[in-house]
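The values are calculated or read from the model by the stated rules, or taken from the named source; none is laboratory data. It should be emphasised that the depicted structure is a prediction, and the values quoted were computed from it without experimental measurement. Note: ideal-geometry Cβ built from the backbone for every residue, glycine included; neighbour counts use all protein chains shown.
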Amino acid sequence: MAIRDLRDFLAVLDTAGELHRVDAEVDSELEIACITDRQSKLPGGGKALLFHNVKGSPYPVATNLFGSPSRMALALQVEHLSLLTGKMEQLLAAPGSAPAPTLVRQAPCQEVVERHPDLGSYPFLKSWPGDGGRFITLPLVFTRDAGTGAGNCGMYRVRLFDDGCVGIRWKAGSGGFGHHQNYQAAGRPMPVAIAVGAAPALTLAAMLPLPEPLEEVSFAGYLHGAPLAMVPCLDSGLMVPADAELVIEGVIDPGATRREGAFGNHTGSYDAGEEVPLVRVTCVTRRKDPICPATVVGPPPMEDCYLAKAAERLLLPLLRRQCPEIVDLVMPVEGIFHGCAVISIEKKTAGQGRRVLERLRSEGWLKRGKLLVVVDETGQGLTLAHGFWQALNAVRFPADLVVTPDGCLGVDATGKLPEEGGEPKQLLQPDASVRARVERRWREYGFL
């Protein structure tokens, strides 16, 4: 079935046997996160979880929705995540194939309008004991440029405060960050909308560093296979997903900030937090019976690892355009998105591995990767185990290391050509005729 929104996705997961419902009362402070953390560490990522009875709130919470390769593939309606690379190649060849969203005037996300909302009634999570408070961890934050009016959808963590305000932690260099800077420079209030619970494809799109002219909503429609329906916000006119579970509308007044407090991070320790822009909430619109999706951030494996694997497949074509010699890459789940990557290249000239590292460090989404390792393409398909095996056998310390001023490491672990001081190597290959005979007689040996 087509997946238009969170509810469609939950139905797909239920049919696939990937959803576990919890009817016992649970607490959104620490308990749901502890359950989710334990479930996500099970083989295969455990199950997606739907908590129906949350202490102090009438609304359910859904977690671990994307926490396995199979659930991530279901979310994006592909048989295997590897197929995403081909879809992205097709889109880059014909950017106009990403469908523009459709505009509607009535929407499920505006069934109920709260002009004096109680944010405490919504079961957003406090995940770790040292967290500064409760956070919205799967928010879709919509902003627009003060000059051009161009919109942006990004995912930035949102801290809830007790006085009808929330704080947004922008990523430096992101679309929302740039919009905020422009409004601040102009001394103008900035409208913001935070949508919770929408099409899974939009959740992923909001995390990606998409190149122009691609934008998040149309890209999500492309992955989804149909245009997304969008509706204007009541106060600002910002466009938000019509099928979202709820939308928080608000304004960032010039100079308004607040300390967000600590946040338990995927590094296994707390991010101390910083002074963040403060959103003065003007209203909440929602469905009559909203479901609040959340992700728990912490030591891997967690569901953000599998969102990262989908991103890996989608962003590979962008790397190939940046460096045409790139054949494949693999990112270990422990790296969470761009922390670590092994990249295979078709090497033809001396110094090519180091030049690839330099180009990756100069721009693009791997620019800040803490560890980038470049290896030779072998024709066997790149895996993490094979890539590191290649690297350990080919690297020459310290000559092949490239350390950046900000402490990131690059490793040129390609085989070295004679002009680089390398020696010709004869690779191990079985005898072709014997291999064919073994293949032909495999069942004779008693193997299936």
Within the stretch 299-410, considering only strands (runs of 3 or more DSSP E) that don't extend past its boundaries, which have at least 2 residues that are crowded, with 17+ Cβ neighbours inside 10 Å? 326-330, 340-345, 371-376
Out of the residues in the stretch 132-160 that are hydroxyl-bearing (Ser, Thr, Tyr) and at pLDDT 95 or above, state the one that is nearest to LEU246 (Cα to Cα). THR137
Just one listed residue, out of THR148, THR137, THR102, is hydroxyl-bearing (Ser, Thr, Tyr) and under 21 Å from the mean Cα position of the chain (by Cα), and it is THR137
PRO301 being of a type outside the set (Ser, Thr, Tyr), modelled with pLDDT under 95 and under 29 Å from GLY339 (Cα atoms): yes
Could we say that ALA272 is crowded, with 16+ Cβ neighbours inside 10 Å and either in the same structural domain as PRO209 (by TED's automatic domain parsing) or out of contact with any Cys (no Cβ under 7 Å at 6 or more places or on another chain) (or both) here? no
Against the definition (in a strand (DSSP E or B) and either without any contact (Cβ under 8 Å) to a residue 60 or more places away in the chain or not assigned by TED's automatic domain parsing to the domain that holds ALA150 (or both)), how does GLU249 come out, yes or no? yes
Residues that are touching a Pro at 6+ places or on another chain (Cβ under 6 Å), touching a residue at least 40 places away in the same chain (Cβ under 8 Å) and closer than 25 Å to ALA310 by Cβ: does the stretch 119-135 have at least one? no
Which members of the stretch 138-176 meet the condition of being touching a strand residue (DSSP E or B) at 6+ places or on another chain (Cβ under 7 Å) and among the β-branched types (Val, Ile, Thr)? VAL141, THR143, VAL158, VAL166, ILE168
PRO299 is checked against (1) farther than 24 Å from PHE51 by Cβ; (2) not assigned by TED's automatic domain parsing to the domain that holds THR137 and fails just one. What number does that condition carry? (1)
Complete set of residues in the stretch 253-286 that are out of contact with any strand residue (DSSP E or B) (no Cβ under 7 Å at 6 or more places or on another chain) and assigned to a loop (DSSP other than H, G, I, E, B): HIS266, THR267, GLY268, SER269, ALA272, GLU274
Residue within the stretch 185-200 that is touching a residue at least 40 places away in the same chain (Cβ under 8 Å), part of a helix (DSSP H, G or I) and either closer than 15 Å to ASP253 by Cα or of a type outside the set (Ser, Thr, Tyr) (or both) present: yes
